[in-house]
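Colleague: Got a structure here, written out as structure tokens. Questions coming.
The values are calculated or read from the model by the stated rules, or taken from the named source; none is laboratory data. Note that the structure is predicted; figures quoted are calculated from it, not measured. Don't worry about glycine lacking a Cβ; one is built from the backbone with ideal geometry, like all the others, and counts go over all protein chains shown.
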Amino acid sequence: MTDAIEIDLSHAGRRIEGHGVDAWLAEARETMKLAGPLIFTQVAQMAIMTTDVIMLGRVGQASLASAALGITVFFFCWLLGAGPVAAVAPMIAHILGARPRNRAGVRAVVRMGFWSVVMVSLPLIGLLLFTQPIMLLLGQQPELAAGAGRFTAALCIGLPFSLSYQVLRNFSTALEKPHAALYVMVAGIGFNFLGDYALIFGHFGLPRLGLVGAGISSAASYTFQFLALLAIVFMTPKLRPYRIFRRFFRPDWEKLAEVFRLGMPIGLTMMFEAMLFNAATLIMGTFGTATVAAHQISMNVPSNTFMVPLGIAMAATIRVGLAAGAGDREGVRRAGYTALIIAALFMSLTSVVIALFPYQIATLYFSTNTRDNADAIALAIVFLRVAAAFQIFDGLQVVAALSLRGLKDAGAPMWIAGGSYWLAGFPVCLALGFGLHMKGFGIWIGLAFALFVAAVTMCWRFWYLSRER
């Protein structure tokens, strides 16, 4: 017989109290209720990038490879700005866990989140404008470096809008309104598709811009998403009373400091992982156009499956944060472990699918009527089989990391990520890729090893902090 369960229905969300199987099932329901829209939002977000990849693949391998390099630089800059933005969700969760009706505190956190976007965007846009010389310094082919520079020059204006959208998304998610971001992201898919179709290929009377058109379309999509989500926030009865722009120019130095104190380690944690994969893209560029194109489409597949555990992990941040803010240690453990179990089950399924159908997946991205494409498809099949092997580890590490974020534990995950990806994974990539001349296959094995180490250590850290003492 399980113990009784009390579900606290507050303006902040539902915090489960009690013990036994019923409490765990209730936690799973609450997690998936929050995670469902987040998952679809992440999938929709990846669909926008996937649209660019597929359409540029139809233009040619050179355009696809140039976009892959440009996306690498853009994503690096995005991560630098996204760290402080990511701190908004756990800060709000802790405030609402302790005082569910503290609108002034929530408003101050959101306001300082926007301040952080303003502070970091201008230098990052400047960095994006130097993509071509950066690529040349990293040994990339001049043609690909020039294409990457043109792509990011068009894309860079969308960076502050993308980061501002994330502030609004974290705010609405913490207030249990994740559907708002989902609606906007789904609309953004159509917006970006039409933009790509018009500007890459020159339809609707617009010029054929190729790579530059893809960059303009993506930047316009980021702007559209921010403005649309802002409109929804103002129209949503639960969100509108927070008046997030009230006294916008009034500083809250304590919360601004916390945004950066908590956010910078979060950003570095994300960067350690992302930059390992981006470094792998740059290394692939030294092996030839077919290899980097195969790597790009192969990476796109686990990037899409990763969106599901990432959405679950975002929900875990809120669920763990609410329990931590209320001082409920058992609730913290239950929220984190529930999310880990759900993510592991899903990634087990995707692992089987990718392992069984790598050829069918690879040919979705390329036609098979040329010799160059056949070489890229053959490499992609090999890479996809490695991706199937690391699916579960990828899901576990992100859920554990974001559960720790819900505890406002940012420093240790940063060091864990740095060690896992750069002290463990990167040396294996180099040793296998160059030392044993395994090239792209060796690089992918190194990536899988890095995710395994990260999964084990992140899960151990969450167990250590959430255990009964």
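Colleague: Looking at the range 87-107 only, could you name the residues that are at pLDDT below 80 and either closer than 22 Å to Pro265 by Cβ or within 24 Å of the chain's Cα centre (by Cα) (or both)? Quick ask: steps written out before the conclusion?
Modeller: Within the range 87-107, the subset at pLDDT below 80 is 97-101.
Matches in the range 87-107: Gly97 only.
Colleague: Might you let me know whether the range 183-196 holds any residue that is outside any loop (DSSP other than H, G, I, E, B), touching a Pro at 6+ places or on another chain (Cβ under 9 Å) and buried (at least 23 other Cβ atoms within 10 Å of the Cβ)?
Modeller: no
Colleague: Which condition breaks for Gly210 when tested against (1) over 27 Å from Leu402 (Cβ atoms); (2) crowded, with 18+ Cβ neighbours inside 10 Å; (3) free of Cβ contacts under 8 Å to residues at least 60 places away in the same chain?
Modeller: (3)
Colleague: Still on this structure, please answer the following. Which of the residues spanning the range 217-248 are under 30 Å from Thr152 (Cα atoms) and surrounded by fewer than 16 Cβ atoms within 10 Å (Cβ to Cβ)?
Modeller: Answer for the range 217-248, where residues must be under 30 Å from Thr152 (Cα atoms) and surrounded by fewer than 16 Cβ atoms within 10 Å (Cβ to Cβ): Leu227, Ala231.
Colleague: Separate question: Listed residues Val109, Val117; which is crowded, with 19+ Cβ neighbours inside 10 Å, closer than 20 Å to Leu402 by Cβ and among the hydrophobic types (A, V, I, L, M, F, W, C)?
Modeller: Val109
Colleague: Can you name the number of the only condition in (1) among the hydroxyl-bearing types (Ser, Thr, Tyr); (2) without any contact (Cβ under 8 Å) to a residue 24 or more places away in the chain; (3) touching a Pro at 6+ places or on another chain (Cβ under 8 Å) that Tyr359 fails?
Modeller: In the conditions (1) among the hydroxyl-bearing types (Ser, Thr, Tyr); (2) without any contact (Cβ under 8 Å) to a residue 24 or more places away in the chain; (3) touching a Pro at 6+ places or on another chain (Cβ under 8 Å), Tyr359 misses (3) alone.
Colleague: Given the range 361-459, what helices (runs of 4 or more DSSP H) lie entirely inside it while holding 3 or more residues that are charged (D, E, K, R)?
Modeller: 371-389
Colleague: Need the failing condition index for Phe76 against (1) closer than 28 Å to Leu136 by Cα; (2) buried (at least 22 other Cβ atoms within 10 Å of the Cβ), just the number.
Modeller: The single condition Phe76 does not satisfy is (2).
Colleague: Which one is surrounded by the most Cβ atoms within 10 Å (Cβ to Cβ) among residues in the range 380-430 that are aromatic (Phe, Trp, Tyr) and in contact (Cβ under 8 Å) with a residue 60 or more places away in the chain?
Modeller: Filtering the range 380-430 down to residues aromatic (Phe, Trp, Tyr) leaves 383, 390, 393, 415, 421-422, 426.
From what is left, the residues that are in contact (Cβ under 8 Å) with a residue 60 or more places away in the chain are 383, 390, 393, 421-422, 426.
Numbers: Phe383: 25, Phe390: 22, Phe393: 21, Tyr421: 27, Trp422: 16, Phe426: 22.
My answer is Tyr421.
Colleague: Still on this structure, I have one more. Taking His437 and the conditions (1) modelled with pLDDT of 90 or more; (2) of a type outside the set (Asp, Glu); (3) surrounded by fewer than 23 Cβ atoms within 10 Å (Cβ to Cβ), which numbered condition does it fall short on, given that it satisfies the others?
Modeller: His437 satisfies every listed condition except (1).
Colleague: Mind checking which residues of the range 58-110 are basic (Lys, Arg) and closer than 20 Å to Ser217 by Cβ?
Modeller: Result: Arg58, single match.
Colleague: On the given criteria, is Pro160 crowded, with 22+ Cβ neighbours inside 10 Å and within 17 Å of the chain's Cα centre (by Cα)?
Modeller: Numbers: crowded, with 22+ Cβ neighbours inside 10 Å: no; within 17 Å of the chain's Cα centre (by Cα): yes.
Taking the combined requirement at face value, the residue does not satisfy it.
Colleague: Keeping to the range 91-105, report how many residues are within 23 Å of Arg329 (Cα to Cα), part of a helix (DSSP H, G or I) and not small (Gly, Ala, Ser).
Modeller: 5
Colleague: Could I ask something else about it? If I filter the range 135-152 down to residues being among the aliphatic types (A, V, I, L, M) and buried (at least 21 other Cβ atoms within 10 Å of the Cβ), which single residue comes out as farthest from Val212 (Cα to Cα)?
Modeller: Looking at residues that are among the aliphatic types (A, V, I, L, M) and buried (at least 21 other Cβ atoms within 10 Å of the Cβ), I get Met135.
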